[in-house]
Amino acid sequence: MILIVDDNHSNLYSLKKLLESKDFQVDTADSGEEALGKALKNNYALIILDVQMPDMDGFEVAETLAGYSKTKEVPIIFLSAVNTEKRFITKGYASGGKDYVTKPVDPEILMLKVKTFYNLQEQNMAMKKTQQSLELEVKGRRESQGIMKSQIDHFHLMLESLPQIAFTLNEEGIVDFVNCKWFDYSNAEQEFPETHPDDLNIKEEFERCKKKGKFLELEVRIKNIKTGDYRYHLLRVTPARDENSIKNWVGTFTDIDDQKKVEKEKDEFLSIASHELKTPLTSIKAYVQLLDRKLKLEKESAEAGFMVKVHDQIEKLNTLITDLLDVSKIENGKLKINKKPASLENVISNAIETILQTHDENKVKIKRDGFIPDILIPFDEIRIEQVLINFLTNAIKYSPQNNQVIVTTFVDEEEQEVKVNVTDFGIGIPDFKQEAVFNKFYRVEESSLQFQGMGIGLFICSEIIKQHHGHIGVSSIVDEGSTFYFTLPLN
């Protein structure tokens, strides 16, 4: 808006109409006092100010406006009919004017000057608004940076106070913070602690999880650089996500060496007990077979039925002892995986056939679904068949009302892995207990009284798949069924 100040109403009217004809918004004042009041109340882009006015002339008005922060930057064009001498023009500029126009006013010249100063002022105001916005943004960013730094410092302080070794990695997987306990096991901030020669390599395992954006959990022995001893630690590395991308990783090493020693003593007892049980059980099995042949019982007789039940119980006991021995081997690092290129489809077929042979075919229905390319992948055939038989046995065992089982396979080209699903329509598992079913000796309370078992079969399966660098898991809905699955790398 433009303010015109003149004590002559005819001049005010003519100038206002001239400017409004060029689409300018115009305000008027017929005295210096009125002009000052309006200038302090409103925002003007330009003031056209008459020099000769009673009480307060144009120069006084200009000097007063220059004294206020709100109006000192507003450009002023002086209008004068008589004061055209050099000293008056100089006084006009000194009092804050930007230009000087004499009366009678030449409309074209006046409009050129008005447009020039109006546009300049508009640009200046726009620049000021931009500057203010930038200043606010910079201030906001500084405050955000201050808050962020405070939060990071607080986070680092928390990590320093943890009893575990704690560290963070950036999105590229490079260590960028460690707490003081890190240096008990590493000489440099960006070097992972040295692991036992028989344990998995931390960096390689992290890179494998990093590519998939997955959580890493690993039991590993790391070397204390002061004592030279290797102590068992539970390593956990968790991705910190911002929307869909991983911004950094947070990791901890928790010392579980004392716990592992207690477990080792228990496992040694299980190992000794299993071995000691295996020998008499083998003798019992042999004597029962000899007795069965000697008696030559009729198949339909009650005694023959008793003998079949004895055989079944011996096999169940043998399976339990074998599982305990496997657990012992796992805990002592002696469960060997002999990988060689083989056909997964053949192993699946063998496992299904074994289950059908040991169960009533009229009650058990196993449907084979999915597709596996005719390729060989590296895995231990005996151990993977063991996993499949365990999955299938559980599927039948925990589906007393519906013994239909579906075995599905498919290849994920992007992840370069094959996935095997075993689906049943049984009792299901509650959500909050699904992860725990792969823990050693864990049994779901709801089924522990109804179904026999020691809770070690799935633990063994989990360890077998881990040693194949695959992934094992379950999805389940209570009273609708479960799908147990595992993956194997294609190479």
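With 10 Å bins beginning at zero, the pair-distance distribution over Cα atoms of region 195-270 amounts to 17, 40, 28, 12, 2 %.
What number, rounded to the nearest 500 deg cm²/dmol, is the helix-based mean residue ellipticity at 222 nm of the chain, given -39500 (n - 2.57) per DSSP H run of at least four residues and division by all its residues?
Value at 222 nm, helices only: -15500 deg cm²/dmol.
With only the Cα atoms considered, the chain has a convex hull volume of 282 Å³ per residue. Only Cα pairs under 8 Å and 6+ residues apart enter the sum, and on that basis the relative contact order of region 184-302 stands at 16 percent. Annotation: extensible slack from Asp412 through Lys103 equals 102.5 nm (criterion: 0.36 nm per residue apart, minus Cα-Cα distance). One chain, two ends: Glu189 and Thr358. Fully extended at 0.36 nm per residue, the span grows by 55.1 nm beyond their Cα-Cα distance.
Computed from label points 7 Å out along Cα-Cβ, the spacing between Lys309 and Ala240 is 6.3 nm. Taking region 287-341 as the region of interest, the number of lysine pairs whose Cα atoms are within less than 27 Å, with members eight or more places apart or on different chains, is 11.
The phi-based Karplus calculation (6.51 cos²θ - 1.76 cosθ + 1.60; θ = phi - 60°) puts the 3J(HN,Hα) values of region 43-54 at 9, 10, 8, 7, 10, 9, 10, 6, 6, 8, 9, x Hz, whole numbers, x for Gly and Pro.
Relative contact order of the chain: 7 percent, from C-alpha pairs under 8 Å at least 6 residues apart in sequence. For Lys115, the lysines whose Cα comes closer than 22 Å to its Cα, not counting residues fewer than 8 places off in the same chain, are Lys16, Lys17, Lys22, Lys38, Lys70, Lys72, Lys98, Lys103, Lys128, Lys129. The calculated FRET efficiency for Ile477 paired with Glu435, based on their beta-carbon distance and R0 = 22 Å, is about 0.90. Largest first and in whole Å, the equivalent-ellipsoid semi-axes of region 104-192 read 62, 13, 6, each the square root of five times a Cα gyration tensor eigenvalue.
The slack between Glu263 and Thr116, meaning 0.36 nm per residue of separation minus the straight C-alpha distance, is 44.1 nm.
Taken per residue, the accessible surface of the chain reaches 59 Å², heavy atoms only and a 1.4 Å probe. The fraction of Cα-Cα pairs per 5 angstrom bin, counted from 0 for region 342-491, comes to 2, 9, 19, 24, 21, 15, 7, 2, 0 percent, rounded to whole percents. What is the sum of charges around Val175, taking Lys and Arg as +1, Asp and Glu as -1, for the other residues whose C-beta is under 12 Å from the C-beta of Val175? Every neighbour counted, the sum reads -3.
Given the convex hull of the Cα atoms of region 315-429, what is a quarter of its surface area in nm²?
Directional mean of the projected Cα hull area for region 315-429 stands at 8.7 nm².
Quick one: which residues, 5 or more positions from Leu490 or on another chain, have an amide H under 5 Å from its amide H? H modelled 1.01 Å from N in the peptide plane, none for Pro or chain starts. The list, which skips near neighbours in sequence, is Glu417, Val418.
How many percent of the accessible area of the chain is carbon or sulfur, using a 1.4 Å probe?
C and S atoms contribute 51 percent here.
Loop-resident chymotrypsin sites (Phe, Trp or Tyr not before Pro) (DSSP state other than H, G, I, E or B) in region 188-246 with no more than 15 further Cβ atoms inside 10 Å of their Cβ: Phe215. For region 112-271, a Kirkwood hydrodynamic radius built from all Cα pairs, placed in the Stokes-Einstein relation at 10 °C and 1.306 mPa s, yields a translational diffusion coefficient of 81 µm²/s. Around the amide H of Arg221, modelled in the peptide plane, lie the amide H atoms of His196, His233, all under 5 Å away and 5 or more residues distant in sequence or on another chain.
Given the alpha-carbon gyration tensor of region 130-171, what are the semi-axes of its equivalent ellipsoid in whole angstrom, ordered largest first, with each equal to the square root of 5 times an eigenvalue?
Calculated on Cα positions only, the semi-axes equal 33, 11, 3 Å.
When peptides 429-440, 128-139 are sorted by average Cβ neighbour count within 10 Å, with the highest value leading, the order is 429-440, 128-139.
Here Thr130 and Leu162 are evaluated by their C-beta separation; at R0 = 51 Å the FRET efficiency comes out at 0.60.
Please give the FRET efficiency for Leu40 paired with Glu143, using the beta carbon to beta carbon distance and R0 = 25 Å, rounded to the nearest 0.05.
Numbers: r = 33 Å, r/R0 = 1.32.
The pair Leu40/Glu143 has a calculated efficiency of 0.15.
Taking a straight line from the alpha carbon of Lys285, these aspartates and glutamates sit under 14 Å away, with near neighbours fewer than eight places off in the same chain left out: Asp312, Glu315.
The values are calculated or read from the model by the stated rules, or taken from the named source; none is laboratory data. Quick caveat, the model's predicted, so the values are computed rather than measured. Note: ideal-geometry Cβ built from the backbone for every residue, glycine included; neighbour counts use all protein chains shown. Each accessible area value is taken on the protein alone, full model and side chains, heavy atoms only, with ligands, DNA and RNA left out. Shrake-Rupley method; radii C 1.70, N 1.55, O 1.52, S 1.80 Å.
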